[in-house]
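Okay, structure first, notes after.
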Amino acid sequence: MLPLPDKRIRSRAGRSRQQPRIGAPDRSLTPNAGLAVITELCERLGVIGTLDAAVGPVKLRDRGFGAGELLAGIAAAQLAGEDFLTGLDRQRADAAGQQITPVPGLASTTAAGLARRITPAQWQAVESGLAVVTGRMVSLLPAERAAALAGGPVTIDLDTTDVEVYGRKKRGVAWNHQGQRVGRPHVAAWAETEIVLAADLGDGTDDPRATAPDLLRRALACLPAAARAGRVAVRADAGYFAGQLARAAHDAHISFAIGAKRIAPLWRLLAGAAEDAWHDAIEMDGAQVAVAQYCPD
């Protein structure tokens, strides 16, 4: 605790201001007032009820929190800046914030217990529930914005990231090539709206190329019908450089752009590109692009 200053704080005009007081925080105030907007959004889109309907019951007795409240409560805590399950307990201690959060009273131990009850099939059912919410969101947009989204381009981004965790008893994680104990979220997102359509959680040894075709098919199934009827493409980096994903995109009648690994045939292709084939890349300073024909096996 800091000592109070000896002199009064003065403004630039020379007029004295009230002396600051340092003490216990006012429990009628919250640093997370923006959660009121999240609660309103959840109610308008029916997020919790829709997720509960898609996932089904996770307990024998129909009381307490369900899957929809679990996911919405964790998401709200993340939006408030929390990174761990224990952040739910910090949010519970915020008396004013609990009045405006979408899921008040969710404790970390309760959330962990509920998560263990949810089966793999129920986790995947979350995707169909969120697809309903996404369709509802698009239907509430102004007609011009909805038409722009549906008219395309509609881009599905595939990406993975390693999330380092600690503790020898952590389940579903493994050591990656950098010596970190990690989980590996594998996500397919609608790029233009930044909405996750489908996702898997692997560990540090999982190769995303193996499950990418199924993830793409699930993401396409979760697109709103109007968006699926437009110009759809999948975009992935060189970590997905494999024929299976390209074939899955071709079978679904969508375009694809997959980063290629720097293998010998591509170095030869690069060396053979004419000087006048290169053009300045859009919105990329100091970068150029060229078009060349290449068909991998």
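Worth a mention:
- Percent carbon-and-sulfur accessible area, the chain, ignoring ligands, DNA and RNA, probe 1.4 Å: 55 percent
- Centroid-to-centroid separation of region 227-246 and region 53-106 [C-alpha atoms, Å]: 34 Å
- Principal-axis analysis of the Cα atoms of the chain puts helix 108-117 at an angle of about 40° to the longest axis.
- Rolling a 1.4 Å probe across the protein heavy atoms gives region 2-152 an accessible surface of 65 Å² per residue.
- For peptides 195-205, 34-44, sequence by mean Cβ density within 10 Å, most packed first: 195-205, 34-44
- Region 157-271 - accessible surface per residue (Å², probe 1.4 Å): 59 Å²
- Calculated on the Cα set of the chain, radius of gyration then Dmax: 24.9, 78 Å.
- Taking Cα centre as origin and charging only the Cβ of basic (Lys, Arg, +1) and acidic (Asp, Glu, -1) residues, the dipole magnitude of region 30-121 rounds to 340 debye.
The values are calculated or read from the model by the stated rules, or taken from the named source; none is laboratory data. Just so it is clear, the structure is predicted and the values come from calculations on it, not from any experiment. Virtual Cβ from ideal backbone geometry, glycine too; neighbours counted across all protein chains shown. In case anyone asks, the SASA skips ligands and DNA or RNA and just uses the protein heavy atoms, side chains included. Shrake-Rupley method; radii C 1.70, N 1.55, O 1.52, S 1.80 Å.
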